[in-house]
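Reviewing the structure listed below.
The values are calculated or read from the model by the stated rules, or taken from the named source; none is laboratory data. Since this is a predicted model, take the numbers as computed values, not measurements. Cβ placement follows ideal geometry from the backbone for every residue including glycine, while neighbour counts extend to all protein chains displayed. Surface areas here come from the heavy atoms of the whole protein model, side chains and all, with no ligands, DNA or RNA. Shrake-Rupley method; radii C 1.70, N 1.55, O 1.52, S 1.80 Å.
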Amino acid sequence: MKKLAKVLAFGMTALALGSLFLSCGSKSGGGKTIKIGVFEPMTGANAAGGALEVEGIKLANELYPTVKVAGKDYKVELVTVDNKSDKVEAANAAQRLVDKEKVSVILGSWGSGYSIAAGPIVQDAKVPAIGLSCTNPLVTAGNPYYFRVCFIDPFQGTVMATYANKNLGAKTAVLIREISNDYSVGLAKFFADTFKKLTGDDNCILAELNYNTGDQDFTAQLTTIKSKNPDVIFAPGNYTESALIMKQAHDLGIKAQFLGGDTWETPELIDVGKDAVEGCVFSTFFDAAGATSDLAKTFLAKYDEEYKKAPAAVTALGFDGYRLALDAIGRAGSLDTTKIRDAIASTSGFDGVAGTITLDENGDAKKSAFIKTVKDGKFTYLTIVNP
């Protein structure tokens, strides 16, 4: 019994010392912390896109781990939640960030539909959100607490319709939309509106075809496309389904040029589509070849060191969104989320890796679009289009 008592006494003493050391460590490593929420699809159909944005955010956090607020240094803590590539889960994830985690700013999400779902929550909570690559106009429309660092679909749709008509000489097109995806539906509409104006022909869109996220077989849609024989096929949608569409079109002998949007710039497009995606053309936000500023060089060098690959455009936007959040917090001089919102709204001439950011009255950035293709299994720059 005496031996047991000694063991228990020793254990209690060790526990007390451990608690003391932990307490001292917390004190010495303490200081002030500010939370930034990261709201992305980390699982589900859009997980690869979400992961690319998170890479940029984490890289920025490594390079810029603190922010000065009213003369005091705050350590930035990233709180990442998975919206699971689902609109209901997206709303739940945003609610958790504002209610439980008490974040000061939210970054994300890849996928306009998920950002739209989170919109009412951040607005009600008065916590500002910065979209990184969510391009649908409805993300920021009527919501003074949602902003973005990318261009929007009316511009992107105009760019691709103009490229189809002016650069490719296209007079007819077929649209194939991911009907359950707000991004895809919106972008297809903006393409069609511009293409009709450019051709002067209200009948230039030969067919508008639909599919759902997760579909694997596109035989019915592609059979219709083959019978219509369009000059181009505009198919903005998720990278996996888009790659399968191009692969199956290739097998059916369809020769029309495939065009898409920024979601295509994901390695999975090439992994899934293989040779069938060669020559496809899409609009995106950034190209490393045009990144000549010191900031861009720092980003590219650090990214190469960390990941040993070329960064996706959305990764650069993740990096820029994080830096913009820190800049706004510093300018606000306060942790008050309304003051941070006001500082974000007043952003003008902010230097980013993916271009200078000035936000308009809707919270949207006016940015240039990069046109790329897949050549020899790699994303390759073609041209740039300014707003």
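For the range 352-387, enumerate the residues that are in a loop (DSSP other than H, G, I, E, B) and either buried (at least 23 other Cβ atoms within 10 Å of the Cβ) or touching a Pro at 6+ places or on another chain (Cβ under 7 Å) (or both).
As a first pass, look at the range 352-387 and keep what is in a loop (DSSP other than H, G, I, E, B): 353-354, 358, 360-364, 366-368, 376-377, 386-387.
Listed by number, the residues that qualify are Val353, Ala354, Gly363, Asp364, Lys366, Lys367, Ser368.
In this structure, does Val185 turn out to be without any contact (Cβ under 8 Å) to a residue 40 or more places away in the chain, outside any loop (DSSP other than H, G, I, E, B), under 22 Å from Ala47 (Cα atoms) and β-branched (Val, Ile, Thr)? Explain how you work it out, then say what you get.
Numbers: without any contact (Cβ under 8 Å) to a residue 40 or more places away in the chain: yes; outside any loop (DSSP other than H, G, I, E, B): yes; under 22 Å from Ala47 (Cα atoms): yes; β-branched (Val, Ile, Thr): yes.
Yes; evaluated as a whole, the condition is true for this residue.
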Which condition number does Gly349 fail, the rest of (1) without any contact (Cβ under 8 Å) to a residue 12 or more places away in the chain; (2) buried (at least 17 other Cβ atoms within 10 Å of the Cβ) being met?
(2)
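Residues checked against (1) among the polar types (S, T, N, Q); (2) within 20 Å of Gly56 (Cβ to Cβ):
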{"residue": "Ile340", "(1), (2)": "no, no"}
{"residue": "Ser348", "(1), (2)": "yes, no"}
{"residue": "Asp351", "(1), (2)": "no, yes"}
{"residue": "Gly355", "(1), (2)": "no, yes"}
{"residue": "Ala365", "(1), (2)": "no, yes"}
{"residue": "Thr373", "(1), (2)": "yes, no"}
{"residue": "Asp376", "(1), (2)": "no, no"}
{"residue": "Phe379", "(1), (2)": "no, yes"}
Which condition number in (1) more than 21 Å from Ile34 (Cα to Cα); (2) surrounded by 24 or more Cβ atoms within 10 Å (Cβ to Cβ); (3) under 19 Å from the mean Cα position of the chain (by Cα) is the one that Pro137 fails?
(2)
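Name every residue in the range 142-192 that is polar (S, T, N, Q) and either surrounded by fewer than 24 Cβ atoms within 10 Å (Cβ to Cβ) or more than 18 Å from the chain's Cα centre (by Cα) (or both), in order of residue number.
Narrowing the range 142-192 to residues polar (S, T, N, Q): 143, 156, 158, 162, 165, 167, 172, 180-181, 184.
If the condition is that a residue be polar (S, T, N, Q) and either surrounded by fewer than 24 Cβ atoms within 10 Å (Cβ to Cβ) or more than 18 Å from the chain's Cα centre (by Cα) (or both), then Asn143, Thr158, Thr162, Asn165, Asn167, Thr172, Ser180 are the ones that fit.
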In the range 231-240, the residues that are open to solvent by 10 Å² or more (accessible area, probe 1.4 Å) and either without any contact (Cβ under 8 Å) to a residue 40 or more places away in the chain or assigned to a helix (DSSP H, G or I) (or both)
Thr240
Filter the range 245-272 for residues that are part of a helix (DSSP H, G or I) and farther than 20 Å from Ala173 by Cβ; the one that is most open to solvent (accessible area, probe 1.4 Å) is Asp251
Given (1) charged (D, E, K, R); (2) under 18 Å from Gly142 (Cα atoms); (3) touching a residue at least 60 places away in the same chain (Cβ under 8 Å), identify the lone condition not met by Glu361.
(3)
Every residue from the range 108-125 that is closer than 16 Å to Ile36 by Cβ and surrounded by fewer than 24 Cβ atoms within 10 Å (Cβ to Cβ):
Ala125
Inside the range 293-326, can you point out the residues that are surrounded by fewer than 16 Cβ atoms within 10 Å (Cβ to Cβ) and basic (Lys, Arg)?
Lys297, Lys308, Lys309
